[in-house]
Structure formats: structure tokens, C-alpha cells
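Have a look at the structure below before the remarks.
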Ligand code: SF4
């Protein structure tokens with residue numbers, strides 16, 4: 001598994017099957033989304049001895065595990081189960097953790113809109129998700145009962161976009177916009193598409209991996225527009241990109257909608273080199289261009305997922321030169337408080353040599369760039 005762009009990883013590298021976890025006992029696959037601790041216990045995903053403690057967690061933070069995701073869980077704490085099953089540690093809040101880590105509330109001019117950057121803004125038509133990630137930075141807000149903009153509120157949010165002509169990109173997020181009906185989604189896409197200054201519409205979703213059948217032809221049709229439409233798929237582990245998930249993504253790609261990938265660097269999910277490599281390669285195989293790898297936002301009770309920045313940089317540095325550049329995400333952090341997103345590297349420029357400019361190769365060896373030296 002070495003070499004340049006032509007290197008091919010084992011398809012199983014980093015998958016749940018490749019972890020050190022013992023073989024799971026067979027359990028029935030649920031036919032419906034599991035939304036409470038009782039159904040997680042009955043499905044064999046949670047040990048009955050944890051029922052009381054986890055009920056307290058589930059009362060605090062929304063829980064949903066759709067069948068497609070439940071089917072991927074071999075052991076409760078494997079890379080898939082860890083992302084969606086409640087855990088006792090969620091009630092332990094570290095001093096640096098914040099209920100609104102990236103300042104959405106402070107930057108919301110009207111309900112459903114977040115305006116952080118001059119040229120783009122978020123539109124959050126609902127706060128419902130197909131599953132509830134235990135590390136979510138909006139975990140204090142998302143949930144099955146939460147934040148669906150009624151018709152009047154949605155029109156106010158769309159009016160905000162109509163009158164802010166400096167905003168050229170509308171980013172649909174939530175919650176998950178693909179939890180809307182195709183009719184309602186089409187209404188939003190059409191309204192944005194009719195605004196002359198909106199040139200780009202971006203949709204962030206976890207539906208293709210969480211509930212692939214939901215992204216059917218009607219849903220994909222609802223996203224069609226003459227404006228530049230981009231879909232950003234949130235996936236954190238190669239196992240999430242099942243054949244059904246890839247087929248759902250293809251329904252978008254067949255409509256000439258490019259799909260980008262975004263992931264969060266998560267302890268126990270993708271913090272190992274083989275797991276990250278498998279995730280990035282699985283995305284590229286599915287024609288999904290890895291876009292962002294996010295440093296975990298400090299949301300309450302998420303410390304068990306934290307990977308230090310130095311470790312994240314070292315992990316990516318080890319993958320550089322081994323994984324095709326097509327698979328290379330930008331490793332970013334959202335600065336707490338709503339100050340924006342910045343890259344975390346790793347970087348390869350070596351500036352410690354006076355006028356000479358040198359770079360480090362993936363193995364850490366320094367090389368002077370002769371042309372730069374001549375100019376200096
Ligand atoms: S799908 Fe997105 S918004 Fe919903 S819980 Fe997961 S990370 Fe949060």
C-alpha cells in the first residue's frame with residue numbers, strides 16, 4: 001500500500017471489519033429508525049445494563065439511528081456505532097465546550113439565516129436530521145421537534161436573501177435539508193434560483209449515507225436548477241459509503257450536480273491512518289471530491305471524539321504523497337465564537353533558511369527551491 005497516485009488501498013482498510021473489535025453477535029435489523037434507548041436495547045445495539053444512564057443522555061440530546069446505519073454497526077463502540085449511539089460521557093461538559101461553538105445564534109439576522117461571511121449565508125429551513133451525530137456542533141438545537149421554519153418564517157428568510165444582493169451563495173443546511181419533502185425543497189431551490197444575484201446554491205446533507213432511499217428521483221429532481229448547485233455529503237467512515245449510498249449520490253451526479261465530501265476528524269472513527277485513507281479513497285471512487293476535514297467543534301459533551309490538532313496534522317502528513325491529490329481535503333477549524341474557518345495544514349514550506357525558500361517532502365526531508373533562491 002505504498003506509491004503515488006496509482007496506489008490502491010485494500011477496500012477493507014479502516015472499515016469496521018478491519019478494526020480490532022471482536023466479531024459481533026447476530027442481531028435483528030430494525031425496520032424503522034431507532035429513536036429511544038428502549039429500541040436500541042431491543043435491537044442489541046446497547047447493553048441493557050446501560051439503559052438508565054443512557055436514558056438520561058437521550059432525554060438531553062436527540063437520538064435517531066436509521067436502519068441503513070444500524071445495519072453497519074457491528075459493535076456499539078465501533079466507528080459507526082460511536083457516531084450515533086448515546087454515551088454516558090455526553091453529560092460531562094468540559095470547561096472549554098460551548099453550546100453554540102461557532103456563533104450561529106449571534107450571526108443570525110432573522111430566524112433560519114446565519115450570515116458569517118460577506119458573500120455567502122446559511123439558510124436553515126429545519127433542524128431535523130435523519131440521524132443525530134453525537135459530536136454535532138448544533139446538538140443543542142437539532143432534534144425531531146425542532147426548528148422547522150413555517151411558511152411565513154421561510155418567506156422572511158428568503159426575503160433576507162432577496163434584499164442582500166452582496167450574498168451570491170446560499171448554503172442550505174440545518175438539520176438536513178433533504179429531510180424536507182421534495183415539494184418544499186423545490187420551492188426553496190426555485191425561490192433562490194429566481195434571485196439574480198444568487199449564483200451558487202450549496203446543500204449540506206447526511207441523507208445519502210443515513211437513509212439512501214430518501215434521496216430518490218423526486219428528491220434529486222427538486223435540486224435541479226440552472227444555478228450552480230453543489231451538494232456536500234457529510235460522511236466520516238468508509239463503511240458509510242455503501243452501494244445504496246453510492247447509488248443515491250449517483251442520482252445527483254446524473255443530474256450534473258457535483259458532490260463534495262466533508263468529514264469531521266473523530267477519535268475512534270477516522271483518526272487512524274488506514275481509516276482516513278479508506279474514507280478518502282471511498283469518496284473518490286464514488287466521484288465525491290473530499291472538500292473539508294473539520295477539526296471537532298467544542299460542543300458540549302463531545303470530548304471523547306477530540307483529536308488534537310498536532311495529531312491531525314501528523315496523520316495527514318503521513319498520507320501525503322501516498323493518496324491521490326484528488327482525495328485531499330483541506331483540514332480546517334471553525335474558530336470558536338464565529339470568527340470563521342481557517343486551514344490547519346499541514347504545511348510544507350520551510351521558512352527558516354534566510355532568503356532561501358525550502359519545502360519539506362512527505363517524508364520530512366527539506367529541499368531548497370533553487371529558482372526561489374535565485375530570485376531572493
Ligand atoms: S446530520 Fe449534521 S446537523 Fe444533524 S446531527 Fe449530524 S452533524 Fe448535526
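Taking the range 31-46 as the range and being in a loop (DSSP other than H, G, I, E, B) and either closer than 16 Å to residue 61 by Cβ or not assigned by TED's automatic domain parsing to the domain that holds residue 66 (or both) as the test, the residues that pass are 33, 35, 36, 46. Restricting attention to the range 127-153, and to residues there that are free of Cβ contacts under 8 Å to residues at least 40 places away in the same chain and outside any loop (DSSP other than H, G, I, E, B), which single residue is nearest to the chain's Cα centre (by Cα)? The extreme case among them is 151. For the range 304-317, the criterion of being under 24 Å from residue 134 (Cβ atoms), assigned by TED's automatic domain parsing to the domain that holds residue 236, within 17 Å of the chain's Cα centre (by Cα) and within 16 Å of the ligand (Cβ to nearest atom) is met by at least one residue. Hey, any hits in the range 154-161 for a residue that's in the same structural domain as residue 302 (by TED's automatic domain parsing) and either within 16 Å of the ligand (Cβ to nearest atom) or assigned to a loop (DSSP other than H, G, I, E, B) (or both)? For the range 154-161, residues in the same structural domain as residue 302 (by TED's automatic domain parsing) and either within 16 Å of the ligand (Cβ to nearest atom) or assigned to a loop (DSSP other than H, G, I, E, B) (or both): absent. Note on the range 106-126: residues that are assigned to a loop (DSSP other than H, G, I, E, B) and touching a strand residue (DSSP E or B) at 6+ places or on another chain (Cβ under 8 Å) amount to 6.
Going through (1) within 20 Å of residue 177 (Cα to Cα); (2) out of contact with any helix residue (DSSP H, G or I) (no Cβ under 8 Å at 6 or more places or on another chain) one by one, residue 132 falls short only on (2). Among the numbered conditions (1) more than 16 Å from the ligand (Cβ to nearest atom); (2) free of Cβ contacts under 8 Å to residues at least 12 places away in the same chain, the only one that residue 45 does not meet is (2).
Among the residues making up the range 75-89, those that are over 19 Å from residue 276 (Cα atoms) and out of contact with any strand residue (DSSP E or B) (no Cβ under 9 Å at 6 or more places or on another chain) are 75, 76, 86, 87, 88, 89.
Confirm whether residue 98 is in a loop (DSSP other than H, G, I, E, B), within 12 Å of the ligand (Cβ to nearest atom) and closer than 24 Å to residue 298 by Cβ. Before you say what the answer is, go through the steps one by one.
On the way: in a loop (DSSP other than H, G, I, E, B): yes; within 12 Å of the ligand (Cβ to nearest atom): no; closer than 24 Å to residue 298 by Cβ: yes.
So residue 98 fails the test.
Could you check, for the range 212-220, whether at least one of its residues is assigned to a loop (DSSP other than H, G, I, E, B) and either surrounded by 19 or more Cβ atoms within 10 Å (Cβ to Cβ) or more than 16 Å from the ligand (Cβ to nearest atom) (or both)? For the range 212-220, residues assigned to a loop (DSSP other than H, G, I, E, B) and either surrounded by 19 or more Cβ atoms within 10 Å (Cβ to Cβ) or more than 16 Å from the ligand (Cβ to nearest atom) (or both): present. Could you tell me how many of the residues in the range 162-182 are outside any helix (DSSP H, G or I) and more than 10 Å from the ligand (Cβ to nearest atom)? Qualifying residue count for the region: 11.
Residue by residue, here is whether (1) assigned by TED's automatic domain parsing to the domain that holds residue 137; (2) assigned to a helix (DSSP H, G or I); (3) within 16 Å of the ligand (Cβ to nearest atom) holds:
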residue	(1), (2), (3)
261	yes, no, yes
269	yes, no, yes
277	yes, yes, no
289	yes, no, no
292	yes, no, yes
301	yes, no, yes
321	yes, no, no
326	yes, yes, no
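The values are calculated or read from the model by the stated rules, or taken from the named source; none is laboratory data. Source: prediction; values computed, not measured. Reconstructed Cβ throughout: ideal geometry from the backbone, glycine too, with neighbour counts over all protein chains shown.
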